[in-house]
DNA sequence: TCTGGGGTCCTAGGACCC
DNA sequence: TCTGGGGTCCTAGGACCC
């Protein structure tokens, strides 16, 4: 049995380059919302020694001098390109698990006829490059964790040509001692530091450690990782996306908020957006949380963070109910005289819209009338991109995020498509 | 001056039940 | 002097992922 992990190389950068071929081989970065910090770097940028999550102001000079080409993140574009990559994969493998916007696991069961899995990997790379234009790396192994590790090697070592199959025993025994333990999937910075103190430095060291001991000292997650590194499958393969258990909408403001009224606007906006996502998922929530915070990094400012949450009497996905509850929660935790940086609305205790339990003794919030109204609202907003708003979401939205370096919506906006074709 | 957003899983501890 | 045992559910927080 085999898994392959296909991962797009610096995906957001590759998407921007699709429409700017002049930026091939040039240093390119993509920034987070509000152009806050770097979330994707081209190889050239990595070579310049510019790290991940570096804030914009630290590299502004480079951008101004044109030593660095910068873009705001354009999720509409990346989502569209991602779907194209995934559909190519679905034609090439029996089972595909879309793991994130830029990577997918393939279950190669039933493909035993293919003797040369490395060759198959190269075919995948070639086809995605040719049909979509995105470079990818392919890692193959008997477990997901090993496929991930193979993918790491495929990207790191140019001689592999972007494909590594860890079924070959010589590869496995050569690679694992060379991989720092923090690069293993499931081992984060915290655990890596702790492991180092125990003299576990590489993937090979970790694979040799005793899972029964480590489960007590760390967690079952780490114990599973150890077994996976040894070729024992512990993680499942899920073709169907699991239903979400939580929906969250949170944003950093473009400028600090110091007035309750503006904070209420923002919370209403996030509550409405969260409710929209909930309806896209065809689910209801029965638990609303709100959190607000100042800048935790500011050295000379008063810091404050707080959250409040409350169950709803019955499940709903009505924007009005969720918005009202969110504002009530906000008013409980808001304190004046702070410079707020970020806020969020979280919906928990989700259940399917189709088959939820009604309670005879409480008011039913998910009524036919509510469902119809929300349906109309969503249809209009899809057709006329957010034309309908609730009073109180704010018209100006001075706090709304900025994306000053945004590329045109090449694949979704007709004006941009015409420009490219001209 | 200045640092994203959206998730998952696991664990520990408290409340509560019989 | 002395106060059970076993269980579930909920929540907050940590760690990790992309």
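Things to note:
- Here, region A:10-73 is characterised by an Rg to Rh ratio of 0.91, where Rg is the alpha-carbon radius of gyration and Rh the Kirkwood radius.
- In a fully extended conformation the segment linking residue A:248 and residue A:220 would gain 7.4 nm over its present Cα-Cα distance, using 0.36 nm per residue.
- Divided by 2.2 N^0.38 Å, where N counts the residues, the Cα radius of gyration of chain A comes to 1.11.
- Shape call, region A:247-393: gyration tensor on alpha carbons, a/c limit 1.5: prolate
- Choice from A:224, A:216, A:251 showing the highest fluctuation, given a GNM over chain A with Cα pairs closer than 10 Å: A:216
- Where a label projected 7 Å from the Cα of residue A:123 along Cα→Cβ would reach, residues of region A:1-33 with amide N under 17 Å: A:2-6
- Computed helical MRE - 222 nm, chain A, DSSP H runs ≥ 4 contributing -39500 (n - 2.57), nearest 500: -11500 deg cm²/dmol
- Prolate is the label for region A:46-131, because a/c, from the alpha-carbon gyration tensor with a ≥ b ≥ c as root eigenvalues, is 1.5 or above and a/b exceeds b/c.
- The modelled label-to-label distance for the pair residue A:384/residue A:212, using points 7 Å beyond Cα in the direction of Cβ, is 6.9 nm.
- A simple spin-label model places the labels of residue A:240 and residue A:395 4.7 nm from each other, with each point 7 Å out along Cα-to-Cβ.
- With both labels modelled 7 Å from their Cα along Cα-to-Cβ, the residue A:1 to residue A:331 distance reads 5.5 nm.
- Comparing A:26, A:115, A:148 in a Gaussian network model of chain A (Cα springs below 10 Å), the most mobile by mean-square fluctuation is A:115.
- Within a Gaussian network of chain A (alpha carbon springs, distance under 10 Å), most fluctuating of A:314, A:254, A:72: A:314
- q = 0.11, 0.18 Å⁻¹: log10 I(q)/I(0) that the Debye formula gives for region A:78-229, counting C-alpha atoms only: -0.47, -1.07
- Anisotropy class of region A:104-175 from Cα gyration tensor, a/c 1.5 cut: oblate
- Pairs of Cα atoms nearer than 8 Å and 6+ residues apart set the relative contact order; for region A:78-229 it is 15 percent.
- Fully extending the segment from residue A:95 to residue A:114, taken as 0.36 nm per residue of separation minus the present Cα-Cα distance, adds 5.3 nm.
Every read-out reported here was derived from the displayed coordinates using simple, explicitly stated rules and does not represent laboratory data. Predicted model only: the values in this text are computed from it and were never measured. Methodologically, a virtual Cβ is constructed for each residue, glycine included, from the backbone with ideal geometry; neighbour enumeration extends over all protein chains shown.
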